[in-house]
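Report on the structure given below.
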Amino acid sequence: MMNTLHSLEKDNNKINTLPILLRNPRILLIGGGKVALQKAKVMVKNGIDFQIISENYLDDFANIDVPKLAKSIEISDFVGYKIIINATGNKKVEKLLDKTKLKFNILLNTVDVPEKCDFYFSALLNYGKLKIAVSSDGASPMISKVVRNRIKEIIPPEIKEQIAKEADLRKQNKINITRTRIEASRLFGHVALVGAGPGDPELLTLKAYKLIRNAEVILHDHLVSNEILALAKSSAKIINCGKPHGSKTLSQLDINSRMVFYVNQGRRVVRLKGGDPFVFGRLVEETEYLIKNNIKFEIVPGITSSISGAGNAAIPVTARDVSNGFSVVSGCLKGNQFNMNWIELLKIPKHTTVVLMGLKKVKQIVSESIARGVRKNLPVAIISNATRDDQTEIITTLIDLENAAKNAPTPAIIVFGEVVNLREKLSNFIDSEKSEVLSKFG
């Protein structure tokens, strides 16, 4: 068995540490009190072979399944041991060890007396063949434990299986450094496909907020607001994937490839999309690419602008006796083609239809709708920059929609249905002042 400790080189009061591995060392623990019990538990937990000598033992030592001698310590007890841990706090034992350790070539650790130590035990993380040791050179074992526990939070448990696999491959002389680096890095990497909501950062889910704050790489669409991007830490790499109407900053393949590239480097990646990523967000294409590359991912829903945008303009998508249901459709198909498959929805009584990505297609929408017999005075609302400080609303009817849309900013949603007429009643009583929710999360 290989045991880890920190050997000390003392030169003119300067202490240098060197982590070393010892193969099957003989270790003696002296003491039967609380301090010795704590050391014994640590060594048992880490699979270290040792024996104990003490005149008296606390009852809890009955649970320590190692050889124990009940006797006073003598010089002859040191024979054969290479490492001795003195946990007695007894000055006589301390002096006895000081006199004899050079004679027997012993490495000595006198607990809580750093100047009497030839080595320190580290706060250890053990993942099979991977050992991670944290030492404070005896200054503060508690700080070592705190740091060790924080490190433990970021070490994936799968690393134990990975390193065992690599050990087997090494025995077979099948060493591939590039593959090993990628596979090991992936264990630390993480991909989250996150909905950023309609734009107001206070409408982020708490989970989305935390992921954005902790992200190392953020790939975002152009609909994500600057206020939300400002939540990222200053060291985060922020990549604008673009894709506004009529142009593309990065192709879909480029976006997919970058997600894989960064997760292969062990980065925490957030793919940030406006609204909800499953509502016309091409999320399926991105998840399929991740699956093809054997990368696990997390999906975080967001508030879709199709509902929140209307709601923020005091337009409910459903209301008793006014609208019994609603549909959300896209005005565009692949290749920027006009989608006319939803027009018949406008003829359904007591129904609301919300159109995303339709502002550039209003001429075709109006023409096709009238041609199919949709009533010309059907109420319509255009809501631009929903939930943001520059949100605007235009209330009109189907017949006047094309003219009304000429000066409407993008991005925008278009709401069709009698619910639009409820806005006048509701809007005068809505408090538009924003709260300071995010300040509570720092």
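Read-outs throughout are calculated quantities, based only on the coordinates presented, and are distinct from any laboratory measurement. Note that the structure is a prediction, hence the values are computed from the model and not measured. Backbone-built Cβ (ideal geometry, glycine too); neighbour counts: all protein chains shown.
For the listed residue pairs Lys207/Lys233; Lys237/Lys273; Lys68/Lys116; Lys68/Lys99, the alpha carbons are over 18 angstrom apart in Lys68/Lys116; Lys68/Lys99.
When the helix-only estimate is applied to the chain (DSSP H runs of n ≥ 4, each -39,500 (n - 2.57), divided by the residue count), what is the mean residue ellipticity at 222 nm, nearest 500 deg cm²/dmol? So the helix-based figure for the chain works out to -8000 deg cm²/dmol. Fully extending the segment from Asp49 to Lys160, taken as 0.36 nm per residue of separation minus the present Cα-Cα distance, adds 37.8 nm. By other beta-carbon atoms within 10 Å, ranking Phe188, Phe78 with the fewest at the front produces Phe188, Phe78. Taking amide H as placed 1.01 Å from N in the peptide plane, Leu378 has its amide H under 5 Å from the amide H of Leu398, Ile399, each at least 5 places away in sequence or on another chain.
Peptide packing for 123-129, 191-197 was compared via the average number of neighbouring C-beta atoms within 10 Å per residue; ordered from the highest value, the list is 191-197, 123-129. Cβ crowding within 10 Å, taken as a proxy for footprinting-reagent exposure, orders Asp112, Asp390, Asp221 from fewest neighbours to most as Asp390, Asp112, Asp221. Using only side-chain charges placed at the Cβ, +1 for Lys and Arg and -1 for Asp and Glu, the dipole size of the range 329-401 relative to its Cα centre rounds to 320 debye. Its relative contact order, with pairs defined as Cα atoms under 8 Å and 6+ residues apart, puts the range 306-427 at 32 percent.
Extension gain, Arg372 to Leu426, is 16.2 nm, computed as 0.36 nm per intervening residue step minus the present C-alpha separation. Ranked by the mean number of other Cβ atoms within 10 Å of their residues, highest first, the peptides 208-215, 270-277 come out as 270-277, 208-215. In terms of Cα to Cα distance under 13 Å, which aspartates and glutamates are near enough to Lys95, apart from those fewer than 8 places away along the same chain? Partners within reach: Glu74. Pair-distance distribution P(r) for the chain, from all Cα-Cα distances in 20 Å bins starting at 0: 20, 33, 23, 17, 7, 0 percent. Divide the volume of the convex hull around the Cα atoms of the range 306-427 by the residue count and you get 94 Å³ per residue. Determine the relative contact order of the chain: mean sequence separation of Cα pairs under 8 Å and six or more apart, normalised by residue count, in whole percent. Relative contact order here is 10 percent.
Could you put Met259, Met142 in order, starting from the residue whose Cβ has the fewest other Cβ atoms within 10 Å?
The most exposed by this proxy come first: Met142, Met259.
What is the calculated FRET efficiency for Asn336 to Ala139, with r their C-beta to C-beta distance and R₀ = 45 Å, to the nearest 0.05? About 0.10, to the nearest 0.05.
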